[in-house]
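The values are calculated or read from the model by the stated rules, or taken from the named source; none is laboratory data. Quick caveat, the model's predicted, so the values are computed rather than measured. Glycine gets a Cβ as well: all are built from the backbone with ideal geometry, and neighbour counts include every protein chain shown. Only protein heavy atoms, including side chains, enter the accessible area calculation; ligands, DNA and RNA are left aside. Shrake-Rupley method; radii C 1.70, N 1.55, O 1.52, S 1.80 Å.
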Amino acid sequence: MTTTEDLIATADAHSAHTYHPLPVVIATADGAWMTDVEGRRYLDLLAGYSALNFGHGNRRLLDAARAQMERVTLTSRAFHHDRFGAFCEQLAALCGMETVLPMNTGAEAVETAVKTARKWGYRVKGVPREMAKIVVADNNFHGRTTTIISFSTDPGSRADFGPYTPGFEIVPYGDLTAMRSALTENTVAVLLEPVQGEAGVVVPPAGYLPAVRELTRERNVLFIADEIQSGLGRTGRTFACEHEGVVPDMYVLGKALGGGILPVSAVVSSREVLGVFRPGEHGSTFGGNPLACAVALEVIAMLRTGEYQARAAELGERLHRELGQLAGTGRVREVRGRGLWAGVDVDPALGSGRELSRRLMDRGVLVKDTHGSTLRIAPPLVIDEEDLDWGLDQLQAVLGA
Ligand SMILES: *Cc1c(COP(=O)(O)O)cnc(C)c1O
């Protein structure tokens, strides 16, 4: 057996099979490139589902992490530490909001948003106890906890994990009429991805997000934008909501906030909304730890320059121009997306998404399929123009175009 086969066999023998990874074993990575245990190089067109927006081994982020590691890494929230205030202040400023509640993973931040909205509903809006409803969209992806999968419409995410948490109403994504009729006096929040990532990079119809914003404002309902994947530069703006001039009541952030180094997530909102919490009502041992804050502070500083957003917009134009040409060949059914982010529906006759990902892997490009014959393309925002072109050439070759 090769080293690769050996390592995969060991992993398969001793790990729960919650994923179906491509048969490649990464040993090192730098920028947009990864190298496997046998020295083969691959262009990373997934970027850890957008957790690696700033690339692998980013110098600035590693330096910030290293410097903080030598000082203090964990205090718990039982004590203050000297990076916490700056992290909250600067993240709130980046969001144009007031208050930050830090967590670790995306799912925890979504859970936090759900708890916040419910408590706000009871304490501020005056919804009768136990009656709070949160409206979500079909084909959503907000994480893997018991409550979050309770409002998933993906059978694979849900089946056999009940009983499910009540209090959620599911409406078709992009359907304003359905949204309007779903809102009642007990609705405390609407929770949406401004672009649905896992669903295949689905952009809602123009005007949908502003209309939901207007509707939620009229009905005194919180508009929660899950920007865990769409946010922090991916779409060419700091937040995907900005493309439609929408300011939600709450951002849920994660993935790239940790700079690809460690999990950092947060809920960001107004003082009024996050002010519903009292000490002891919510928390996390690792949430807002010094190392997380130091890395996230560097991420925020990098985003403040606007250069990563500009790069995503510029390279995104190139990406969508090239993919548009592929769509013209009929080998690609549809291309969706925004910025340096695309969902590519390939003609199923050319192979499943998995098979196409395998063929791309053999040509030195790593992507991940979602649902059937959809490929998701989300390179690190620091990718070189020539590398992106080369990656797209490989895609073209695999599609036989
Ligand atoms: C990845 C993701 C999550 C969950 O984040 P984890 O860190 O994997 O828990 C939630 N919402 C969206 C939109 C995501 O893309």
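Side notes on the structure shown:
- In segment 236-278, the convex hull through the Cα atoms has an average projected area of 4.0 nm², a quarter of its surface area.
- Most mobile of Phe223, Phe84, Phe277 in a GNM of the chain (Cα contacts under 10 Å): Phe277
- For the chain, modelled as a GNM whose springs connect Cα atoms under 10 angstrom apart, the maximal fluctuation among Thr73, Thr177, Thr28 occurs at Thr177.
- Modelled FRET efficiency - R0 35 Å, Ala178 with Asp6, Cβ distances, 0.05 increments: 0.10
- With the helix formula -39500 (n - 2.57) applied to DSSP H stretches of n ≥ 4, the chain reaches a computed 222 nm mean residue ellipticity of -11000 deg cm²/dmol.
- When segment 1-81 is described by a simple charge dipole with +1 on each Lys and Arg Cβ and -1 on each Asp and Glu Cβ, the residue from Ala78, Tyr19, Gly55 located farthest towards its positive end is Ala78.
- Once C-alpha pairs closer than 8 Å and six or more residues apart are averaged by separation and normalised to the residue number of segment 113-206, the relative contact order reads 36 percent.
- Distance from the C-alpha centroid of segment 1-75 to that of segment 101-180: 31 Å, rounded to the whole angstrom.
- The convex hull around the C-alpha trace of segment 1-148, projected and averaged over every direction, spans 13.8 square nanometres.
- Dipole moment magnitude, nearest 20 debye, the chain about Cα centre, only Lys, Arg, Asp, Glu C-beta charged: 1020 debye
- Taking amide H as placed 1.01 Å from N in the peptide plane, Thr165 has its amide H under 5 Å from the amide H of Ser150, each at least 5 places away in sequence or on another chain.
- Förster radius 45 Å - calculated FRET efficiency between Arg41 and Ala78 (Cβ-Cβ, nearest 0.05): 0.50
- Here the accessible area is traced with a 1.4 Å probe on the protein chains. For segment 36-173, carbon and sulfur cover 53 percent of it.
- Pairwise centroid distance, computed over Cα atoms, of segment 222-250 with segment 294-363, Å: 18 Å
- Projected over all directions and averaged, the alpha-carbon convex hull of the chain occupies 20.2 nm².
- Lysine pair count for the chain with Cα-Cα distance under 20 Å and sequence separation of 8 or more or different chains is 5.
- Among Leu257, Leu61, Leu381, residue whose mean-square fluctuation peaks in a GNM of the chain (springs only between Cα atoms under 10 Å): Leu61
- Length gained on full extension, Arg354 to Ala310: 12.7 nm, using 0.36 nm per residue less the C-alpha separation.
- Charges were assigned to the Cβ only: +1 to each Lys and Arg, -1 to each Asp and Glu. The resulting dipole of segment 54-165 about its Cα centre is roughly 260 debye.
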